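Following: one structure in C-alpha coordinates, then a few remarks.
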Amino acid sequence: MEEKKIKEVVKRRYAQIAKQDQQSCCPSCACGISPLSQAEAIGYLREDLDHIPEEAVMGLGCSNPTAIADLKAGEVVLDLGSGAGIDVFLAANKVGSTGRVIGVDMTEEMVDKAKGIATTHGYHNVEFRLGEIEKLPVEDKSVDVIISNCVINLSPDKSKAFHEAYRALKPGGKLTVSDIVSKGALPDEIKNDPEAWVGCIAGALEQQEYLKKIKKAGFGDVQVISSKEFYIEGKGGKVIKKLLSITVKAYK
(Lines give C-alpha, C1' and ligand atoms only; values in the text may rest on other atoms or scores of the structure.)
Protein backbone atom coordinates (compact mmCIF):
# COMPACT_ATOMS: atom_id res chain seq x y z
CA MET A 1 0.00 0.00 0.00
CA GLU A 2 1.13 3.56 -0.70
CA GLU A 3 2.14 5.77 2.23
CA LYS A 4 -0.70 8.24 1.67
CA LYS A 5 -3.29 5.47 1.57
CA ILE A 6 -1.94 3.86 4.74
CA LYS A 7 -2.20 7.11 6.68
CA GLU A 8 -5.71 7.78 5.39
CA VAL A 9 -6.89 4.33 6.48
CA VAL A 10 -5.28 4.61 9.92
CA LYS A 11 -6.59 8.13 10.55
CA ARG A 12 -10.10 7.17 9.52
CA ARG A 13 -10.24 4.14 11.81
CA TYR A 14 -8.79 5.86 14.87
CA ALA A 15 -11.03 8.88 14.35
CA GLN A 16 -13.95 6.46 14.45
CA ILE A 17 -12.64 4.86 17.63
CA ALA A 18 -12.24 8.27 19.28
CA LYS A 19 -15.74 9.42 18.33
CA GLN A 20 -17.56 6.26 19.29
CA ASP A 21 -15.50 5.41 22.38
CA GLN A 22 -15.28 1.93 20.93
CA GLN A 23 -12.81 -0.71 21.94
CA SER A 24 -10.16 -1.80 19.48
CA CYS A 25 -8.44 -5.16 19.56
CA CYS A 26 -4.73 -5.22 20.04
CA PRO A 27 -3.43 -8.18 18.04
CA SER A 28 -1.47 -9.74 20.91
CA CYS A 29 -4.23 -10.04 23.52
CA ALA A 30 -7.80 -11.20 23.90
CA CYS A 31 -10.66 -9.14 22.52
CA GLY A 32 -14.22 -8.87 23.77
CA ILE A 33 -13.16 -7.80 27.25
CA SER A 34 -13.37 -4.38 28.89
CA PRO A 35 -10.67 -1.81 28.05
CA LEU A 36 -9.43 -1.90 31.66
CA SER A 37 -9.11 -5.68 31.63
CA GLN A 38 -7.47 -5.58 28.22
CA ALA A 39 -4.95 -3.02 29.52
CA GLU A 40 -4.16 -5.33 32.42
CA ALA A 41 -3.74 -8.23 29.98
CA ILE A 42 -0.92 -6.41 28.18
CA GLY A 43 0.99 -5.36 31.29
CA TYR A 44 -0.68 -2.37 32.95
CA LEU A 45 -1.19 -2.53 36.72
CA ARG A 46 -4.71 -1.92 38.00
CA GLU A 47 -3.35 0.22 40.84
CA ASP A 48 -1.83 2.58 38.23
CA LEU A 49 -4.94 2.56 36.02
CA ASP A 50 -7.08 3.48 39.03
CA HIS A 51 -5.17 6.77 39.27
CA ILE A 52 -5.80 8.01 35.73
CA PRO A 53 -9.06 8.95 33.94
CA GLU A 54 -10.91 5.79 32.94
CA GLU A 55 -11.96 7.27 29.60
CA ALA A 56 -8.27 7.44 28.56
CA VAL A 57 -8.12 3.63 28.67
CA MET A 58 -9.42 2.40 25.32
CA GLY A 59 -7.99 -1.10 24.98
CA LEU A 60 -5.32 -0.02 22.47
CA GLY A 61 -1.66 -1.00 22.49
CA CYS A 62 0.42 -4.16 22.81
CA SER A 63 2.34 -3.69 26.08
CA ASN A 64 3.16 -1.07 28.74
CA PRO A 65 6.21 1.06 27.83
CA THR A 66 5.84 3.24 30.94
CA ALA A 67 6.49 0.20 33.15
CA ILE A 68 10.18 0.10 32.22
CA ALA A 69 10.76 3.78 31.41
CA ASP A 70 11.89 4.48 35.00
CA LEU A 71 10.43 7.98 34.89
CA LYS A 72 11.62 10.56 37.40
CA ALA A 73 10.05 13.69 38.88
CA GLY A 74 10.77 16.76 36.76
CA GLU A 75 11.43 14.93 33.49
CA VAL A 76 9.97 15.93 30.12
CA VAL A 77 8.36 12.94 28.41
CA LEU A 78 7.13 12.59 24.82
CA ASP A 79 4.56 9.95 23.80
CA LEU A 80 4.52 9.02 20.11
CA GLY A 81 0.97 8.24 19.00
CA SER A 82 -0.68 9.17 22.29
CA GLY A 83 -4.30 8.35 21.40
CA ALA A 84 -6.68 9.16 24.24
CA GLY A 85 -3.73 9.61 26.58
CA ILE A 86 -3.37 6.49 28.72
CA ASP A 87 0.44 6.58 28.73
CA VAL A 88 0.54 10.38 28.93
CA PHE A 89 -1.53 10.41 32.11
CA LEU A 90 0.43 7.52 33.63
CA ALA A 91 3.67 9.35 32.87
CA ALA A 92 2.26 12.63 34.20
CA ASN A 93 1.63 11.00 37.57
CA LYS A 94 5.25 9.86 37.68
CA VAL A 95 6.99 13.09 36.62
CA GLY A 96 4.80 15.21 38.89
CA SER A 97 4.08 18.91 38.85
CA THR A 98 7.70 19.79 38.05
CA GLY A 99 7.69 17.56 34.97
CA ARG A 100 5.78 17.66 31.71
CA VAL A 101 4.38 15.11 29.26
CA ILE A 102 3.67 15.82 25.58
CA GLY A 103 1.46 13.53 23.56
CA VAL A 104 1.63 13.63 19.75
CA ASP A 105 -1.00 11.99 17.54
CA MET A 106 -1.88 12.41 13.87
CA THR A 107 -5.63 11.89 14.40
CA GLU A 108 -7.36 15.15 15.25
CA GLU A 109 -10.28 13.42 16.96
CA MET A 110 -7.93 11.59 19.32
CA VAL A 111 -6.07 14.79 20.17
CA ASP A 112 -9.36 16.57 20.90
CA LYS A 113 -10.52 13.68 23.06
CA ALA A 114 -7.28 13.63 25.06
CA LYS A 115 -7.34 17.41 25.55
CA GLY A 116 -10.89 17.19 26.84
CA ILE A 117 -9.96 14.46 29.31
CA ALA A 118 -6.98 16.48 30.57
CA THR A 119 -9.14 19.56 31.09
CA THR A 120 -11.96 17.68 32.79
CA HIS A 121 -9.61 15.98 35.23
CA GLY A 122 -7.37 18.98 35.92
CA TYR A 123 -4.08 17.77 34.45
CA HIS A 124 -1.81 20.81 34.17
CA ASN A 125 1.44 19.03 33.32
CA VAL A 126 0.29 17.48 30.03
CA GLU A 127 -0.03 18.77 26.50
CA PHE A 128 -1.44 17.12 23.37
CA ARG A 129 -0.24 18.17 19.91
CA LEU A 130 -1.51 17.22 16.47
CA GLY A 131 1.32 15.88 14.34
CA GLU A 132 2.98 12.90 12.70
CA ILE A 133 5.75 10.85 14.29
CA GLU A 134 7.78 11.20 11.08
CA LYS A 135 7.77 14.98 11.61
CA LEU A 136 7.42 15.63 15.32
CA PRO A 137 6.14 19.05 16.44
CA VAL A 138 8.82 19.36 19.13
CA GLU A 139 12.17 21.14 19.33
CA ASP A 140 15.57 19.49 19.00
CA LYS A 141 17.01 17.97 22.20
CA SER A 142 13.95 19.00 24.22
CA VAL A 143 12.77 15.79 25.96
CA ASP A 144 14.29 13.38 28.47
CA VAL A 145 12.30 10.25 27.65
CA ILE A 146 10.28 9.06 24.65
CA ILE A 147 7.64 6.37 25.00
CA SER A 148 5.42 4.75 22.37
CA ASN A 149 2.89 1.93 22.47
CA CYS A 150 2.16 -0.06 19.31
CA VAL A 151 2.32 2.98 17.02
CA ILE A 152 5.60 2.98 15.10
CA ASN A 153 4.45 -0.17 13.26
CA LEU A 154 1.65 2.00 11.82
CA SER A 155 4.21 4.29 10.19
CA PRO A 156 5.12 3.61 6.55
CA ASP A 157 8.52 5.27 7.18
CA LYS A 158 9.88 3.84 10.43
CA SER A 159 13.44 5.03 9.77
CA LYS A 160 12.24 8.61 9.69
CA ALA A 161 10.21 8.10 12.87
CA PHE A 162 13.25 6.83 14.76
CA HIS A 163 15.44 9.65 13.41
CA GLU A 164 12.85 12.15 14.62
CA ALA A 165 12.80 10.52 18.04
CA TYR A 166 16.58 10.79 18.19
CA ARG A 167 16.43 14.46 17.20
CA ALA A 168 13.92 15.28 19.92
CA LEU A 169 15.82 13.58 22.74
CA LYS A 170 18.37 15.32 24.90
CA PRO A 171 21.85 13.75 24.98
CA GLY A 172 21.63 10.75 27.30
CA GLY A 173 17.88 10.58 26.74
CA LYS A 174 15.94 7.32 26.67
CA LEU A 175 13.60 5.64 24.17
CA THR A 176 11.13 3.01 25.42
CA VAL A 177 8.96 1.50 22.70
CA SER A 178 6.42 -1.34 22.72
CA ASP A 179 5.58 -2.63 19.25
CA ILE A 180 4.70 -5.55 17.00
CA VAL A 181 7.41 -7.22 14.91
CA SER A 182 7.40 -10.37 12.79
CA LYS A 183 9.37 -13.59 12.60
CA GLY A 184 10.15 -13.67 8.91
CA ALA A 185 8.72 -11.50 6.15
CA LEU A 186 4.96 -10.98 6.00
CA PRO A 187 3.09 -12.29 2.95
CA ASP A 188 1.82 -9.72 0.43
CA GLU A 189 -1.80 -10.55 1.25
CA ILE A 190 -1.23 -9.14 4.73
CA LYS A 191 1.01 -6.22 3.76
CA ASN A 192 -1.60 -4.96 1.30
CA ASP A 193 -4.60 -5.44 3.59
CA PRO A 194 -5.93 -2.11 4.99
CA GLU A 195 -7.50 -3.89 7.99
CA ALA A 196 -4.16 -5.51 8.78
CA TRP A 197 -2.50 -2.08 8.74
CA VAL A 198 -5.05 -0.67 11.16
CA GLY A 199 -4.65 -3.76 13.35
CA CYS A 200 -0.90 -3.12 13.78
CA ILE A 201 0.01 -6.22 11.76
CA ALA A 202 0.74 -5.27 8.14
CA GLY A 203 3.36 -2.71 9.13
CA ALA A 204 5.32 -5.12 11.32
CA LEU A 205 8.98 -5.44 10.36
CA GLU A 206 11.15 -8.45 11.05
CA GLN A 207 12.59 -8.01 14.55
CA GLN A 208 16.23 -7.63 13.47
CA GLU A 209 15.30 -5.10 10.80
CA TYR A 210 13.30 -3.12 13.38
CA LEU A 211 16.23 -3.05 15.82
CA LYS A 212 18.63 -2.17 13.01
CA LYS A 213 16.57 0.92 12.16
CA ILE A 214 16.76 2.07 15.79
CA LYS A 215 20.54 1.69 15.75
CA LYS A 216 20.88 3.42 12.36
CA ALA A 217 19.01 6.42 13.78
CA GLY A 218 21.92 6.81 16.22
CA PHE A 219 20.66 5.01 19.33
CA GLY A 220 22.98 2.89 21.45
CA ASP A 221 22.56 0.14 24.04
CA VAL A 222 19.47 -1.17 22.23
CA GLN A 223 17.86 -3.88 24.37
CA VAL A 224 14.77 -6.05 23.93
CA ILE A 225 13.35 -5.99 27.46
CA SER A 226 10.37 -8.27 26.87
CA SER A 227 8.96 -10.41 24.08
CA LYS A 228 5.66 -12.27 23.72
CA GLU A 229 4.73 -14.55 20.83
CA PHE A 230 1.33 -14.68 19.15
CA TYR A 231 -0.01 -15.90 15.82
CA ILE A 232 -2.10 -14.67 12.91
CA GLU A 233 -4.66 -17.28 11.98
CA GLY A 234 -6.50 -17.67 8.67
CA LYS A 235 -9.51 -19.73 7.70
CA GLY A 236 -9.95 -22.94 9.63
CA GLY A 237 -7.53 -21.78 12.31
CA LYS A 238 -4.51 -22.23 10.04
CA VAL A 239 -1.50 -20.26 11.29
CA ILE A 240 -0.42 -17.71 8.69
CA LYS A 241 2.39 -16.01 10.58
CA LYS A 242 4.11 -15.82 13.95
CA LEU A 243 4.47 -12.31 15.38
CA LEU A 244 6.06 -10.86 18.49
CA SER A 245 5.00 -8.09 20.86
CA ILE A 246 8.28 -6.61 22.07
CA THR A 247 9.36 -3.76 24.32
CA VAL A 248 12.66 -2.10 23.44
CA LYS A 249 14.80 0.32 25.41
CA ALA A 250 17.58 2.41 23.84
CA TYR A 251 19.62 5.52 24.64
CA LYS A 252 20.89 8.62 22.84
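The values are calculated or read from the model by the stated rules, or taken from the named source; none is laboratory data. Given the structure is predicted, the values throughout are model-derived calculations rather than measurements. With ideal geometry, Cβ positions are generated from the backbone for all residues, glycine too; neighbour counts draw on all protein chains shown.
Residue-wise test of (1) without any contact (Cβ under 8 Å) to a residue 60 or more places away in the chain; (2) closer than 22 Å to M110 by Cβ; (3) surrounded by fewer than 21 Cβ atoms within 10 Å (Cβ to Cβ).
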site	(1), (2), (3)
V151	no, yes, no
H163	yes, no, yes
P171	no, no, yes
E209	yes, no, yes
I225	no, no, yes
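Of all residues in the stretch 75-91, those that are crowded, with 24+ Cβ neighbours inside 10 Å have Cβ atoms under 8 Å from Cβ atoms of residues that are among the basic types (K, R) and not in a helix (DSSP H, G or I), 6 or more apart or on another chain, in V77/R100. Among the residues making up the stretch 117-148, a single one is surrounded by 14 or more Cβ atoms within 10 Å (Cβ to Cβ), among the hydroxyl-bearing types (S, T, Y) and either within 25 Å of V10 (Cα to Cα) or out of contact with any helix residue (DSSP H, G or I) (no Cβ under 7 Å at 6 or more places or on another chain) (or both): S148. Kindly check whether there is at least one residue in the stretch 135-147 that is farther than 22 Å from T107 by Cβ, touching a residue at least 12 places away in the same chain (Cβ under 8 Å) and either assigned to a helix (DSSP H, G or I) or of a type in the set (A, V, I, L, M, F, W, C) (or both). Yes, some residue in the stretch 135-147 is farther than 22 Å from T107 by Cβ, touching a residue at least 12 places away in the same chain (Cβ under 8 Å) and either assigned to a helix (DSSP H, G or I) or of a type in the set (A, V, I, L, M, F, W, C) (or both). Just one of the listed residues (K249, K215, K242, K160) is part of a helix (DSSP H, G or I) and either under 14 Å from the mean Cα position of the chain (by Cα) or over 18 Å from D79 (Cα atoms) (or both), namely K215. The listed residues are A204, A185, and the only one of them that is exposed (fewer than 14 other Cβ atoms within 10 Å of the Cβ), part of a loop (DSSP other than H, G, I, E, B) and either modelled with pLDDT of 95 or more or of a type in the set (A, V, I, L, M) (or both) turns out to be A185. Scanning the stretch 196-225 for residues that are at negative phi and charged (D, E, K, R) returns E206, E209, K212, K213, K215, K216. For the stretch 183-202, does any single residue satisfy the condition of being touching a Ser or Thr at 6+ places or on another chain (Cβ under 7 Å) and touching a residue at least 60 places away in the same chain (Cβ under 8 Å)? Among the residues of the stretch 183-202, not one is touching a Ser or Thr at 6+ places or on another chain (Cβ under 7 Å) and touching a residue at least 60 places away in the same chain (Cβ under 8 Å), which makes the answer no.
Within the stretch 69-100, the residues that satisfy the criterion of being of a type outside the set (F, W, Y), under 20 Å from Y14 (Cβ atoms) and not in a loop (DSSP other than H, G, I, E, B) are L78, D79, L80, I86, D87, V88, L90.
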